[in-house]
Amino acid sequence: MHLVLEHAIGVCKHYCLTQSPYNQKLKEQWDVDWKYMHSPMHSAAYIMNPANRGSILQQDPKLWPEFMSIVLKQLGADNGSLAIEQYTM
């Protein structure tokens with residue numbers, strides 16, 4: 001799942017950085033597709049990927065809240081807070 005998120009972010013960056021007469025329409029379609037396919041589980045998988053371990057994901061305003069919602073949903077408040085504490089160490 002984390003690979004889907006990484007690829008989707010890469011495609012969006014490509015649309016934003018390249019010069020093409022079609023970029024605006026492609027970006028608009030990307031936004032529509034993103035709203036349709038993205039779920040908080042993608043964000044959780046992206047954060048839990050060991051390759052992203054050194055990045056500052058807790059400050060990401062989109063990924064971290066979605067990760068927190070999955071952790072709390074799956075583990076509950078007590079175990080979820082313990083798991084997040086262990087993750088940040």
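Listed values, structure above:
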item	result
A77 exposed (fewer than 10 other Cβ atoms within 10 Å of the Cβ) and over 14 Å from the mean Cα position of the chain (by Cα)	yes
Test: residue in region 9-26 that is under 10 Å from the mean Cα position of the chain (by Cα), in contact (Cβ under 8 Å) with a residue 40 or more places away in the chain, within 16 Å of L63 (Cβ to Cβ) and surrounded by 11 or more Cβ atoms within 10 Å (Cβ to Cβ)	no
Extreme residue, modelled with the lowest pLDDT, among residues of region 43-77 that are in contact with a Phe, Trp or Tyr (Cβ under 7 Å, 6 or more places away or on another chain) and closer than 18 Å to V4 by Cβ	L57
Residues of region 30-68 satisfying the condition of being surrounded by fewer than 15 Cβ atoms within 10 Å (Cβ to Cβ), of a type in the set (S, T, Y) and in a helix (DSSP H, G or I)	Y36
Given (1) modelled with pLDDT of 80 or more; (2) assigned to a helix (DSSP H, G or I), index of the condition Q19 fails	(2)
Yes/no for P40 being within 13 Å of the chain's Cα centre (by Cα), at pLDDT 85 or above and not small (G, A, S)	yes
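The values are calculated or read from the model by the stated rules, or taken from the named source; none is laboratory data. None of the values given here were measured: they were computed from a predicted structure. Reconstructed Cβ throughout: ideal geometry from the backbone, glycine too, with neighbour counts over all protein chains shown.
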